[in-house]
Amino acid sequence: MNQGRPQSVYVRALTGDSKSQGAWGELVLERLLEASGLCEGRDFETQVVLRDEGSEVRRPDVVVRLPGGRDVVIDAKVSLTAFERWCNEDDADLRGKHLVEHLRSMRRHIEELGARGYGRASALSSNGLVLMFVPVEAAYLEAIRAEPGLYEI
């Protein structure tokens, strides 16, 4: 039994394949930017094709165009498999294991984003900072609660 822990409708709906989870995360990010008053094509672009000095292609989910000609890359990452198990587990030991796996998944996403080298793309005016958007707030908050320095990696 779930012992009264709320299970997010998003978690229940998105326990399918990672491709559909990723598409959903990108959609939530785009809707959030629009709800914030930003306009696609003027303030941000989606699925921009970037090339670095070696002509390697990179495709971030969103590039936000800031005043002063600066750019910020945002990539949506949906990491729900272990989080969903954590939400639904009653056994404290297993919950702990699922939380560790959730943190491992979040760290893996962070490391992958860092390795992509968006800051080396010639079409960006960026300091290399990449923001990872996590569309399920509860998944993000639980990860930060368990590992407060995670957002600084």
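The values are calculated or read from the model by the stated rules, or taken from the named source; none is laboratory data. From a predicted model like this one, the values you see are computed outputs, not experimental measurements. All Cβ positions, glycine included, derive from the backbone under ideal geometry; neighbour counts span all protein chains shown. Heavy atoms of the whole protein, side chains included, go into the accessibility calculation; ligands, DNA and RNA do not. Shrake-Rupley method; radii C 1.70, N 1.55, O 1.52, S 1.80 Å.
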Which ones in the stretch 121-153 are among the acidic types (Asp, Glu), touching a Leu at 6+ places or on another chain (Cβ under 9 Å) and part of a helix (DSSP H, G or I)? GLU142
Quick one: in the stretch 1-33, of everything that is of a type in the set (Asp, Glu) and in contact with a strand residue (DSSP E or B) (Cβ under 7 Å, 6 or more places away or on another chain), which residue is modelled with the lowest pLDDT? GLU26
Could you give me the residue pairs with C-beta distances under 6 Å whose first residue belongs to the stretch 132-151 and is aliphatic (A, V, I, L, M), whose second residue is assigned to a helix (DSSP H, G or I) and open to solvent by 40 Å² or more (accessible area, probe 1.4 Å) wherever it lies, and which are 6+ apart or on separate chains? VAL134/TYR140; VAL136/TYR10
Inspect all residues belonging to the stretch 34-51 and state whether any of them is in contact with a Gly (Cβ under 9 Å, 6 or more places away or on another chain) and exposed (fewer than 13 other Cβ atoms within 10 Å of the Cβ). no
When (1) over 22 Å from ALA23 (Cβ atoms); (2) open to solvent by 40 Å² or more (accessible area, probe 1.4 Å); (3) modelled with pLDDT of 85 or more are applied to GLU137, the one that fails is (1)
Given the conditions (1) open to solvent by less than 30 Å² (accessible area, probe 1.4 Å); (2) over 22 Å from GLY22 (Cα atoms); (3) of a type in the set (Asp, Glu); (4) modelled with pLDDT of 90 or more, report the number of the one that ASP61 does not fulfil. (2)
For the stretch 66-122, the count of residues that are open to solvent by less than 40 Å² (accessible area, probe 1.4 Å), hydroxyl-bearing (Ser, Thr, Tyr) and modelled with pLDDT under 90 equals 2
Return the pairs, sorted by first residue and then second, in which the second residue is open to solvent by less than 70 Å² (accessible area, probe 1.4 Å) and among the basic types (Lys, Arg), the first residue lies in the stretch 96-115 and is closer than 19 Å to ALA76 by Cβ and assigned to a helix (DSSP H, G or I), the beta carbons are less than 8 Å apart, and the residues are 6+ apart or on different chains. MET106/LYS77; HIS109/LYS77; LEU113/LYS77
Any residue at all in the stretch 81-90 that's part of a helix (DSSP H, G or I) and among the β-branched types (Val, Ile, Thr)? yes
